[in-house]
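J.: This structure is in structure tokens; I'll ask about it shortly.
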Amino acid sequence: MKELMMVYYSEAKSARLTGKKVAWITSGGPVEPLIAMDIIPVYPENHGAMIGASKMGAGLCEKAEAMGYSNDLCSYARSDIACATVNGGPIGGLPRPDMLVCCNNICGTVLKWYEVQARYFDVPLFILDTPFCHTGYSPEAARYVRAQIDEYILFIEEACKKKYDFERLREVGHLSYEGQQLWQAVLETAAHRPAPMSAFDAFYHLALIVTLRGTKEAVNYYKQLLAGMQDRVARGISVVPNEKYRLLWDNIPIWPRTRWLSKKFASHNACLVADTYTSAWCGAMKYIDESKFLDSMAEAYTRIYLNIGVDEMARMVIEMIDKYDVDGFVLHSNRSCKPYSFGQLDIQRIVEKERGIPCLMIEADMVDDRSFSESQISTRIDAFMEIIKERKKT
């Protein structure tokens, strides 16, 4: 993983020397059309996760606040905006973009965030608007998004000054679909008792399905990872020794504290066997038709987890509770991510009613660890696990 990511960022940072272009793109944006034209996609949100994991988030967020940005703003946005001005962060900043691609299927903040960065770097910005899907995907929405995909292709042609390569797009689309299938298969190995991997492992291995989706590198990596997990299943190897309790995680990880949380849950013989976050990169795969990739891509990118109604989200959560046979549900109320967090109390209520399992709400932030109270969260996890242990006795 580290070697692949080093090569990826090295190629992106030396793009001007090799004649390639760099596009910054939101994590939920359709990346395949870029890769098919040899444009290197770079993800500020993935960089934000690296900043958080490196415990550099608080300092960069403070810098953004000194620049005038509210501390209520997404910490991925704050850390990225601040980082761009000083080439900061764990890899010395992201490579300068030639263009920006923003898809609002994950939130509305990205629109203003990417406008800020487009002005700062003085580069063109393409915005793909995906209507919110409360319960379904209407024919009007399908035509609306599909028309924008055509505009997206024209935008790329203009940026590259050459005709679009649709044959190459078919190859990239196939690799993207195969990569998502493999990623789903990797995640599903945790349905086995004991689980060979946890959500904390998934948070780490997620990087390639985000940054290299649609490439052979991602496909090969997940083939090897799946084989490794299947081998662990065959030999009964558990990621949490003495696994007794199985939990489901909701929302983006608390990147600066993943190691601490992993140890904390493991100390109770509890394994986070699944999560809604990493599953999002294969959850809309069912809408993809490889023979009609452009049309189906429009639907798949519109109907992702964060762009559907609360009832639909709750239904998917309950499906995961059943598939992974979990004993409890942990929800990260993420100060930074409003779309992910606003409906959580409703989802918790539905889960408690439908499945009757204990739920725990943790208040924190995905990057800015000034919002993390270790003693308070430790106490709440202890109390939550005691409830689960008592329930399992009966």
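The values are calculated or read from the model by the stated rules, or taken from the named source; none is laboratory data. These numbers come from a predicted model, not from an experiment. Cβ atoms come from the backbone with ideal geometry, glycine included; neighbour counts cover every protein chain shown. Just so you know, the surface numbers come from the protein's heavy atoms only, side chains and all, with ligands and any DNA or RNA stripped out. Shrake-Rupley method; radii C 1.70, N 1.55, O 1.52, S 1.80 Å.
J.: Name the one entry in L34, L100 that is in contact with a Gly (Cβ under 9 Å, 6 or more places away or on another chain), at pLDDT 95 or above and farther than 24 Å from F200 by Cβ.
T.: Residue meeting the stated conditions: L34.
J.: Select from segment 162-192 the residues that are more than 25 Å from D150 (Cβ to Cβ) and of a type in the set (A, V, I, L, M) and write down the one among them that is nearest to the chain's Cα centre (by Cα).
T.: Among residues in segment 162-192 that are more than 25 Å from D150 (Cβ to Cβ) and of a type in the set (A, V, I, L, M), the one nearest to the chain's Cα centre (by Cα) is L187.
J.: Here's another thing I want to ask about it. Which of (1) of a type in the set (A, V, I, L, M, F, W, C); (2) crowded, with 19+ Cβ neighbours inside 10 Å; (3) out of contact with any helix residue (DSSP H, G or I) (no Cβ under 6 Å at 6 or more places or on another chain) is the odd one out, the single condition A202 does not satisfy?
T.: For A202, the failing item is (3).
J.: Mind counting the residues in segment 344-375 that are in a helix (DSSP H, G or I), surrounded by 19 or more Cβ atoms within 10 Å (Cβ to Cβ) and not polar (S, T, N, Q)?
T.: Residues meeting the conditions: 3.
J.: Working only within segment 267-286, note down all residues that are touching a Lys or Arg at 6+ places or on another chain (Cβ under 6 Å) and without any contact (Cβ under 8 Å) to a residue 40 or more places away in the chain.
T.: Passing the criteria: N269, A284.
J.: Quick one: which of K264, K223, K216 is in contact (Cβ under 8 Å) with a residue 60 or more places away in the chain and charged (D, E, K, R)?
T.: After applying the criteria, what remains is K264.
J.: Here's another thing I want to ask about it. I'd like to check something: does segment 376-384 contain any residue that is surrounded by 15 or more Cβ atoms within 10 Å (Cβ to Cβ), within 24 Å of the chain's Cα centre (by Cα) and among the aromatic types (F, W, Y)?
T.: Looking through segment 376-384, none of the residues is surrounded by 15 or more Cβ atoms within 10 Å (Cβ to Cβ), within 24 Å of the chain's Cα centre (by Cα) and among the aromatic types (F, W, Y).
J.: Restricting the search to segment 229-253, which residues are surrounded by fewer than 23 Cβ atoms within 10 Å (Cβ to Cβ) and either of a type in the set (G, A, S) or closer than 19 Å to M50 by Cβ (or both)?
T.: Hits for segment 229-253 are A234, G236, S238, N251.
J.: Which residues, counting only those in segment 266-275, are surrounded by fewer than 23 Cβ atoms within 10 Å (Cβ to Cβ) and at negative phi?
T.: A266, S267, H268
J.: May I ask you to verify whether A191 is closer than 25 Å to G328 by Cβ, aliphatic (A, V, I, L, M) and open to solvent by 20 Å² or more (accessible area, probe 1.4 Å)?
T.: Yes; evaluated as a whole, the condition is true for this residue.
J.: Can you tell me which residues in segment 342-379 are at pLDDT 95 or above and among the aromatic types (F, W, Y)?
T.: Scanning segment 342-379 gives a single hit, F372.
J.: Tell me, which residue of segment 1-37 that is hydroxyl-bearing (S, T, Y) and not in a helix (DSSP H, G or I) is most open to solvent (accessible area, probe 1.4 Å)?
T.: Among them, the one singled out is S14.
J.: Now, a different point. Please enumerate the residues belonging to segment 157-173 that are of a type in the set (A, V, I, L, M, F, W, C) and either part of a loop (DSSP other than H, G, I, E, B) or open to solvent by 30 Å² or more (accessible area, probe 1.4 Å) (or both).
T.: F166 - this is the single residue of segment 157-173 that is of a type in the set (A, V, I, L, M, F, W, C) and either part of a loop (DSSP other than H, G, I, E, B) or open to solvent by 30 Å² or more (accessible area, probe 1.4 Å) (or both).
J.: Next question, about the same structure. Considering segment 300-340 alone, what residues qualify as being within 18 Å of the chain's Cα centre (by Cα) and open to solvent by 20 Å² or more (accessible area, probe 1.4 Å)?
T.: Selection gives Y301, R303, I304, L306, M316, M320, S333, R335, K338, P339.
J.: Would you mention how many residues in segment 205-231 are within 16 Å of Q180 (Cβ to Cβ) and either out of contact with any helix residue (DSSP H, G or I) (no Cβ under 7 Å at 6 or more places or on another chain) or hydrophobic (A, V, I, L, M, F, W, C) (or both)?
T.: Adding up the residues that qualify gives 11.
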